[in-house]
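**Student:** Structure below; questions to follow.
The values are calculated or read from the model by the stated rules, or taken from the named source; none is laboratory data. No experiment lies behind these values; they were computed from the predicted model shown. Ideal geometry is used to build each Cβ from the backbone, glycine not excepted, and the neighbour counts take in all protein chains shown. Note: areas computed on protein heavy atoms with side chains; ligands, DNA, RNA excluded. Shrake-Rupley method; radii C 1.70, N 1.55, O 1.52, S 1.80 Å.
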Amino acid sequence: MLDPQKIRADFPALHQLVHGKPLVYLDNAATAQKPQIVIDTLSHFYERDNSNVHRGLHALSMRATDAYESARSRVAKFINAADPAEIIFTRGTTESINLVAASWGSANLKPGDVILLTEMEHHSNLVPWQLIAKRTGATLRYLPVIGADAEGGLDLTRLDSLLTPEVKLFAFTHVSNSLGVVNPAAELCAKARARGIITVVDGAQSIGHMPVDVRALDCDFYAFSGHKMAGVTGIGVLYGRRAMLDAMPPWQGGGGMISNVDFFESRWKPAPERFEAGTPNFADAVALGAACDYLDVLGREAIAQHDGALACLAFEKLSELPGIRLLGPRGARSGLVSFAFAEVHAHDIVTFADEDGVALRGGHHCNQPLMRKLGLTGTTRASFYVYNTAEEIDVLVASLRRTLKFFGAA
Ligand code: PMP
């Protein structure tokens with residue numbers, strides 16, 4: 001069991017007043033706060049070790065290179081990848097998915113091919129596929145979401161019939177950022193693999209909240225962002241199966257990714273360098289390694305239990321509010337709850353909550369097609385992390401009651 005009161009001491013940003021009220025930070029699905037050890041690791045790197053990696057032969061460059069490559073090995077261990085070369089550092093989930101779409105997609109997709117997505121995808125796991133589909137003549141297909149609200153999840157009964165021979169790639173999210181549903185990723189990957197279909201898992205909302213083992217999932221690619229797992233912004237990862245990466249063309253050209261350059265031809269290094277053109281974001285990668293250490297000390301099973309329990313408690317308490325529509329399953333869910341009121345806009349709720357020191361997020365959460373399907377313009381989302389407490393849910397509920405009263409909806 002996590003002790004959030006103790007954990008809070010590790011996160012300096014939590015100890016502040018907002019509009020004179022103690023901050024209740026419930027916007028963790030957008031970005032999580034950073035523990036002091038991650039902030040210190042970043043400062044320490046800039047204070048002592050900063051130098052460009054790979055091409056230097058002096059002490060600082062060698063130290064920086066060691067720290068960068070150690071971070072790669074640390075991330076590989078964090079997700080149980082077979083080989084650190086399977087870890088490509090990117091800017092985040094969005095860039096990781098764009099890399100697969102641009103590189104694998106341009107080399108492998110042709111007219112008649114189908115990319116299978118789900119209706120609950122974040123724009124980051126949707127628009128890159130639209131772009132590459134347009135360029136290659138492939139088409140998109142969607143696994144539907146069932147139920148308008150409470151039980152909303154993927155309609156798995158439809159999956160077998162949608163995985164036809166034209167499907168070359170299946171991209172889906174591990175955890176929905178607006179429904180809170182945890183998808184059965186291993187089962188989805190197994191069905192795809194049995195038909196020779198490549199899988200891309202969007203791990204943005206899962207990576208910091210539960211154990212992730214890419215070999216147990218048996219996916220081809222897994223994409224995630226550092227800033228949602230107590231790491232800093234501007235760094236993320238694409239995990240790719242080694243054999244897949246070595247068969248893929250570069251997606252960006254520049255220094256660091258070549259073995260030889262001539263005026264008219266060049267040859268590429270293998271992964272991961274092939275996909276890291278230019279100066280990589282080595283300092284933030286080192287800080288990401290520290291975030292992996294921090295989360296593993298807490299224990300990712302314990303984190304999953306803590307965040308899931310808070311979300312279930314919030315779901316129960318919120319369901320007592322008049323006129324509320326709660327999205328996603330009532331039972332087991334990841335650490336977030338999304339809800340809507342017919343009479344009060346999500347932006348008003350978030351603005352009122354801010355006056356009470358509560359940080360929420362309101363809007364379409366980069367899920368516009370899903371929101372349209374659910375007949376909503378947006379929702380309000382409360383998302384939890386290791387430092388959130390049951391008492392903070394009471395503050396949230398009290399704030400919502402105040403807002404509903406103001407709008408005459410309670
Ligand atoms: N996928 C999902 C499910 C997300 O929640 C997010 C972040 N909101 C992303 C992708 C994109 O992550 P990033 O903006 O860090 O690239």
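**Student:** Suppose we keep only residues that are in a loop (DSSP other than H, G, I, E, B) and open to solvent by 30 Å² or more (accessible area, probe 1.4 Å) within the stretch 308-329. Which one would you say is nearest to residue 1 (Cα to Cα)?
**Tutor:** Ranking the qualifying residues of the stretch 308-329, first place goes to 319.
**Student:** Being within 21 Å of residue 374 (Cα to Cα) and open to solvent by less than 30 Å² (accessible area, probe 1.4 Å) is the filter here; which residues of the stretch 156-184 pass it? Spell out how you get there, then give the answer.
**Tutor:** Within the stretch 156-184, the first condition is being within 21 Å of residue 374 (Cα to Cα), and the residues that meet it are 156-159, 172-183.
Within the stretch 156-184, 159, 172, 173, 174, 175, 176, 177, 178, 179, 180, 181, 183 qualify.
**Student:** Still on this structure, please answer the following. Looking at the stretch 214-229 only, could you name the residues that are away from the ligand (no atom under 16 Å from the Cβ), open to solvent by 10 Å² or more (accessible area, probe 1.4 Å) and in contact (Cβ under 8 Å) with a residue 40 or more places away in the chain?
**Tutor:** Those that are away from the ligand (no atom under 16 Å from the Cβ), open to solvent by 10 Å² or more (accessible area, probe 1.4 Å) and in contact (Cβ under 8 Å) with a residue 40 or more places away in the chain: 215, 216.
**Student:** Being in a loop (DSSP other than H, G, I, E, B), of a type outside the set (S, T, N, Q) and open to solvent by 50 Å² or more (accessible area, probe 1.4 Å) is true for just one of 44, 54. Which residue is that?
**Tutor:** It is 54.
**Student:** Quick check on the stretch 20-58: of everything there that is at pLDDT below 95 and over 29 Å from the mean Cα position of the chain (by Cα), which residue is nearest to residue 280 (Cα to Cα)?
**Tutor:** The residue in question is 55.
**Student:** Can you tell me which of 178, 161 is in the same structural domain as residue 75 (by TED's automatic domain parsing) and within 16 Å of the ligand (Cβ to nearest atom)?
**Tutor:** Checking each option against the conditions leaves just 178.
**Student:** Turning to a different aspect of this structure: It is to be established whether one or more residues within the stretch 185-198 are within 11 Å of the ligand (Cβ to nearest atom) and buried (at least 22 other Cβ atoms within 10 Å of the Cβ).
**Tutor:** The answer is no; no qualifying residue exists.
**Student:** Filtering the stretch 199-208 down to residues that are in a loop (DSSP other than H, G, I, E, B) and polar (S, T, N, Q), which residue is nearest to the ligand (Cβ to nearest atom)?
**Tutor:** Across the stretch 199-208, the extreme among qualifying residues is 205.
**Student:** OK, next. Has the stretch 266-286 got any residue that is open to solvent by less than 70 Å² (accessible area, probe 1.4 Å), more than 14 Å from the ligand (Cβ to nearest atom) and closer than 23 Å to residue 385 by Cα?
**Tutor:** yes
**Student:** In the stretch 92-109, what residues are surrounded by 22 or more Cβ atoms within 10 Å (Cβ to Cβ), under 18 Å from residue 140 (Cβ atoms) and within 16 Å of the ligand (Cβ to nearest atom)?
**Tutor:** 97, 98, 100, 101
**Student:** When the residues of the stretch 1-35 are filtered to those that are among the acidic types (Asp, Glu) and over 15 Å from residue 391 (Cβ atoms), which remaining residue is farthest from the ligand (Cβ to nearest atom)? Break it down stepwise before answering.
**Tutor:** Step one: filter the stretch 1-35 for residues among the acidic types (Asp, Glu), giving 3, 10, 27.
This time we only want the ones that are over 15 Å from residue 391 (Cβ atoms), so: 10, 27.
Working: 10: 22, 27: 11 Å.
Within the stretch 1-35, the match that is farthest from the ligand (Cβ to nearest atom) is 10.
**Student:** To continue, here is another question. Filter the stretch 121-158 down to residues that are closer than 19 Å to residue 179 by Cα, at pLDDT 95 or above and within 15 Å of the ligand (Cβ to nearest atom), then give me how many there are.
**Tutor:** Residues that pass the stated criteria total 6.
**Student:** Which of (1) more than 14 Å from the ligand (Cβ to nearest atom); (2) touching a Phe, Trp or Tyr at 6+ places or on another chain (Cβ under 9 Å); (3) touching a residue at least 60 places away in the same chain (Cβ under 8 Å) does residue 211 not meet, given it meets every other one?
**Tutor:** Condition not satisfied by residue 211: (2).
**Student:** Looking at this structure, is residue 230 part of a loop (DSSP other than H, G, I, E, B), small (Gly, Ala, Ser) and within 22 Å of residue 121 (Cβ to Cβ)? Full working, then the answer.
**Tutor:** Values: part of a loop (DSSP other than H, G, I, E, B): yes; small (Gly, Ala, Ser): yes; within 22 Å of residue 121 (Cβ to Cβ): no.
For residue 230, the condition - part of a loop (DSSP other than H, G, I, E, B), small (Gly, Ala, Ser) and within 22 Å of residue 121 (Cβ to Cβ) - is not met.
**Student:** Let me ask something additional. Restricting attention to the stretch 331-368, which residues are part of a strand (DSSP E or B) and among the β-branched types (Val, Ile, Thr)? I'd like the intermediate steps shown before the answer.
**Tutor:** Step one: list which residues in the stretch 331-368 are part of a strand (DSSP E or B), which gives 336-341, 358-359, 361-363.
Listed by number, the residues that qualify are 337, 358.
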